[in-house]
Structures are given as C-alpha cells and as structure tokens.
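Here's the structure we're looking at; comments come further down.
The values are calculated or read from the model by the stated rules, or taken from the named source; none is laboratory data. In this text the structure is predicted, and so the values were computed from the model without any measurement. Glycine also receives a Cβ, built like all others from the backbone with ideal geometry; neighbour counts cover every protein chain displayed.
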Amino acid sequence: MTRDDSEIGSATIRRLGNAGLYAAYAVAVVFALFPIAAVLMLSMKQASEVFNWPPSFFPETLSLQTYIYVLTETTIGRMLWNSIFLTLASTAGCILISAPAAYAFSRMRFRAQKPLLLTLLVYQMISSMVIALPLYRYYEALGLLDSHMGVILIYITVEIPFTVWLLKGFFDAIPPSLDEAARIDGASRIQSFRIIILPLAKPGLAAALIFNVIAGWSQFIIPFILLQRAELLPISIGVLNFAPGQTEGEITIPYLAAASIIAMLPALVMFVILQRFIVQALTGGAVKG
Amino acid sequence: MIRVQGPKSSSLWSRIQDSPLFWLLPALVFLLLFYTWPLLDVIRLSFTNASLISPDYTYSLDSYRRVFRDPATWRTLKVTLIFAAGSVVLKLVLGMLLALAIDAGVKRGLHGIVIVRTSILAAWVIPGVFVGILWKILLSTSSHGLLNYWIESLSGTSVGFLTDTRLALGTTILANVWRGVAFTMILLYAGLQRIPPELYEAAKVDGAGAFARFRFVTLPMLAPIIFIALVLITIGGINTFDLIMAMTQGGPAQATEVVGMRVYQQVFKFMNLGRGAAIAVVLLAVNLLMTLIYLRLLRLNRKID
C-alpha cells in the first residue's frame, strides 16, 4: 500500500473498526444484562401470566402486584432484616479488628510478620466448607447453632484476612514520617493511629466497608450450615425455599423472581454508585498482591 | 523506626502499645479460635469414623480408604476439574476480548464505555445464589422458560440445559462465567494500561500487524497477570458452592456435584462426618497447592517489576 492509499484507507478502516467495536459492546451488554432484564420482566408479570403460551419477554401490563404480595404476605422482610443485621454487624466487627492488625503490619517490624501475612493470604483461599464442618460440631456443643451471634463471629473471621491486606496497603501509602512526627511530639501510638492514620486512610476504610458489605450480603456456606430456623435465615438462604403462601410449583416463579430482584437490588445500587471506586481498589490490590 | 524517648514513652501503657501483639491480639484470637483450630480439627476428624449423630468415634484410616476407593469421589473431582477448567478458559478468553475491546474503545474515544463496563460488572456483585436462580429461571423447560421457547421455535426441540446430564455442567459453567468474567476483564484491563506504548510503536515500525502485536507484545507483557488470574479463577471455581446449590443441587444424577457439594452431602445428608472431613481435607490440599502456585507467581512478578 502506498502512502496516499493508506491515508484514505485508514479512515475507512478506522470507521469499520469503530463499528466492529460497537457491535462487540452491544453483544457484551446484551449478554450481561439479558438474564437480569428477563427476570425483572418476569417479576412484573401477573401470576396467571406464567402459564401463557408462548411466553413473552415483556409482561402484558407492568404490574407491581407480585412485589406488593412478596413484601406484605411473605417473610421476606424478616430475611432482608436478617441479612442487613448480619452484614452490618460483621462489617463493623471485622473493620474494628482488622484496622489495628493492619497498623501493626504496616508500622512495626517483628519476627512473625512475614509468616503471619502469608498465613492470612492462605486463609483467604480456603473454602469456608472446610472449617464449617468442625464449627458445626463446636456450635452444637456450645449451643451456638441457630444464633446470629455465632454466625457473625465466623463472618468476621473469614473476612479478616482480606480486610487486613487491603487496609495494610492503604496504611503503607501514608508516609511514616507523618505519624512519627506526631509521636515525637508526645502522642502515643494509639493517638497517632487515631489522629493521623485513620483519617488519612478514609478511602481505605471505605473500600473495606464496601467489600465487607458485598461479601456479607453474599455469605452462603456459613449461614447455610450454621442456621436452620426459618426466622433467622438471611435472604441468600431463605430464598432457596421461597414459597409464598401455601402454593407450590410454577405459580411461585414470579414471586421467586421478585424476591431475587429485591435481594439483588441493594448490592446493585451500591455498586453502580460506587463502581469507579470499587474498580480502583480491586485492581490495586489484586495486581500488586 | 524512631523510638520516642520522651517521658511519656517510658510508661507501662505506652510500652504495651509498642508491642505488636497489642495491635494483633483481637485478630489473632478470632483467627486461632474460628479458623486455625477448625482447620486442624477437620484434619483430625478425617482420621476418624465420626458421624454426626453418635458422639463416639475411633481413629482409623478407614475414611480415606473408603473415599479413595469410592468411584463417586473421582467423579466429583473430575466434575470439579471440568468446572474449574471450563471457567478458566472461558473467563480468560472472554475477559481478554472484553478488556481489549474496552481498551481500544477508550483509545479511540468511543462513547458509552462506562455503560458497557457497568453492565458487565453488575453481574459480579450479585450473590452466587441469585446468579443461580436467574439462570435457572431463564433456562427452564417450563412454560416460563423464555430462552427455551426461542430455541424451540428455531430448532423444533427444547434443550434440557439443567436436566440433561450431558449439558448441566456446561450450563453451570456458563452461569459462573457470566458472573465472573468481569473480574478477569478488570485484571487484564489494568494490565493493559501498564504496557508501555513505545513497545507497540516499535512493533509497528518493524511492520507487525495487529495480530502480531497482540501475539508478540500484549501476550508476553500480560503473561504475569494472566497467570495470576488463572490461579485465582481456578481457586474460585474449585470452591464454588452457592451457585450450584441454587441451580442444580449437584444434579441431575450428580452430573454437577462439585467437591464442596459432595462434602456437604456426606456430612449433612449421610451424617458421615469422618468421610466428609476426608474429602474436605482433599479440597484443602488442592486449595493450598493453588495458593502455593499463586505465591510463586507473585514473587516472580515482583522480580520482573
């Protein structure tokens, strides 16, 4: 190709490339959103429409009937409250416990430092199923089965490794000269931690909060094994046996769809609002290690 | 680290604060009580014939002997391996295509990139159970199964995505990829940003086409991140439980029974704590092996950097 040819050709090629990219985006967006959209539409159908043949993507009329029914006539309110309580209590507990530990790993040098950090990394990779078996036995013996307190303790424990690593990364980014200066001025370590480090690490604390909330909302194996009474179950477990009223089978599908949409909504809304922030925290941690 | 020599620092309280243990203690107590101890105990239990119903047990190698002789164990391991490997391949290929497409779009100043990224990432924050429920509803062969209706109109027969033993595992992989491809995409996209543009310029000057540039610049430069993603996806795949519980509960005919599911069934359905623990220890061993590989890769990366 000569110079002049490529001038004209490159503009065409460029436009073709752009069109190709937009086509790829369209496919990706449809693949990503179609399942959510289809279930959202299903949840807005009236119960009787489920048996219509052929099935349609859009409901005949957009109806909130199933949502009203699910929210008023089933125990979903209770399940949502359980999820919120377990998530918030364990998030608060985990950050309270992890932040001081992250301080020690960031600002002190001690012999067990490296092995401990490695152990945290290893613990992060182990399936909760492995520890859930013995925990079930302990809890049975201690009478802690079927208690929110018992479950919260484990939620906290399994999130400590990731939270410590995350916060350590943010603490490391604060110049040590800042808190050392405070200590030369007579501040104790606790004071310099509270007055210098914590305020400067606010983005880190926010990231820890977000990740803990997402993780807490998704917890499955632990509540699945350690909780049995229906009134204690978080929504992620309760939804598995979701049966509105006395009905069973096909008729429950729109209700199940509505319940799932309600349960996914808090995570989705939080994500859309905070996504830039989440993406940053995620890539920083994962690539640096 | 500077030691403060003021009058305050010599007090007992401030000396306590200088001890790492003071800061680590709450975390250590939680981890020892609720993680390390159960971890050791599950290994101990795997060498017993304990059951969930009777409190008495004796130590024996019987659990392991039975577990390794049981063809169901090997089938479970195979299912887990296929699930993990299928997820790895699809997530890496699709994640790479998405990362490249978004990277190219950003460089060309195309519109709507944020919408694309947000849509793909949305699936990633949905808890596994609900991902399972979404796909189960979507692929159902009942009258509300929209996708199957469309397939039937085109081909004449409906497809038993979740009821056909040959298809169910592939279907769970698809749902897992749908949820997780976003994470791979972000990792690879972040990696693409760290490749110096001069490398591409140099390759262009040498007459390399788009594919050659991808093959000889992008891939080698991304290799460390690709390997890290590979290990992380593998661990995630091996540990999957909630998604499969919601979609198939391990069925049909145990075609989707991954290791976690098998452990759960052994212990809580058949009350075989010893045998369940033995399978859990196998799962633990695989987790540890993968983590070791991950740590090696991280160390290699640091050397390259």
Within the range A:51-65, how many residues are at the interface with another protein chain (Cβ under 8 Å from one of its Cβ atoms) and not in a loop (DSSP other than H, G, I, E, B)?
1
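With B:D56, B:D18, B:D62 as the choices, which residue is of a type in the set (D, E) and either crowded, with 18+ Cβ neighbours inside 10 Å or in contact with a strand residue (DSSP E or B) (Cβ under 9 Å, 6 or more places away or on another chain) (or both)?
B:D62
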If I filter the range B:85-102 down to residues being within 21 Å of B:L284 (Cβ to Cβ) and surrounded by fewer than 23 Cβ atoms within 10 Å (Cβ to Cβ), which single residue comes out as nearest to the other protein chains (Cβ to nearest Cβ)?
B:V88
Within the range B:9-42, track down each residue that is more than 7 Å from chain A (Cβ to nearest Cβ), over 26 Å from the mean Cα position of the chain (by Cα) and not aliphatic (A, V, I, L, M).
B:S9, B:S10, B:S11, B:W13, B:R15, B:S19, B:F22
Do we find that B:I137 is of a type in the set (A, V, I, L, M, F, W, C), facing chain A (nearest Cβ under 7 Å) and either without any contact (Cβ under 8 Å) to a residue 40 or more places away in the chain or farther than 28 Å from A:Q275 by Cβ (or both) in this structure?
yes
Segments classed as helices (runs of 4 or more DSSP H), wholly inside the range B:17-100, with at least 2 members that are touching a Leu at 6+ places or on another chain (Cβ under 8 Å) and more than 30 Å from A:A26 (Cα to Cα)
B:20-31, B:37-46
Scanning the range A:154-169 for residues that are without any contact (Cβ under 8 Å) to a residue 60 or more places away in the chain and at the interface with another protein chain (Cβ under 10 Å from one of its Cβ atoms), the one surrounded by the most Cβ atoms within 10 Å (Cβ to Cβ) turns out to be A:T157
May I ask you to verify whether A:T157 is touching a Ser or Thr at 6+ places or on another chain (Cβ under 8 Å), modelled with pLDDT of 95 or more, of a type in the set (V, I, T) and part of a helix (DSSP H, G or I)?
no
Taking the range A:50-81 only, how many residues are farther than 20 Å from B:F130 by Cβ, free of Cβ contacts under 8 Å to residues at least 12 places away in the same chain and either acidic (D, E) or surrounded by fewer than 16 Cβ atoms within 10 Å (Cβ to Cβ) (or both)?
6
Which numbered condition B:K107 fails, given (1) surrounded by 19 or more Cβ atoms within 10 Å (Cβ to Cβ); (2) over 20 Å from the mean Cα position of the chain (by Cα):
(1)
Subset of the range B:103-112 [assigned to a helix (DSSP H, G or I) and facing chain A (nearest Cβ under 8 Å)]
B:A104, B:G105, B:R108
Candidate set: the range B:251-305, residues that are basic (K, R) and surrounded by fewer than 20 Cβ atoms within 10 Å (Cβ to Cβ); chosen: the one modelled with the highest pLDDT:
B:K269
The residue from B:G145, B:G156, B:G112 that alone is free of Cβ contacts under 8 Å to residues at least 60 places away in the same chain and out of contact with any helix residue (DSSP H, G or I) (no Cβ under 8 Å at 6 or more places or on another chain) is B:G156
Condition first: in contact (Cβ under 8 Å) with a residue 40 or more places away in the chain, closer than 25 Å to A:Q124 by Cα and facing chain A (nearest Cβ under 10 Å). Can you find one or more residues in the range B:248-257 that meet it?
no
Within the range B:43-53, residues being touching a strand residue (DSSP E or B) at 6+ places or on another chain (Cβ under 9 Å) and at the interface with chain A (Cβ under 9 Å from one of its Cβ atoms) number 1
Going by the structure shown, is A:S147 of a type in the set (S, T, Y), surrounded by fewer than 19 Cβ atoms within 10 Å (Cβ to Cβ) and more than 9 Å from every other protein chain (Cβ to nearest Cβ)?
yes
Test result for A:Y25, more than 13 Å from every other protein chain (Cβ to nearest Cβ) and either part of a helix (DSSP H, G or I) or among the hydrophobic types (A, V, I, L, M, F, W, C) (or both)
no
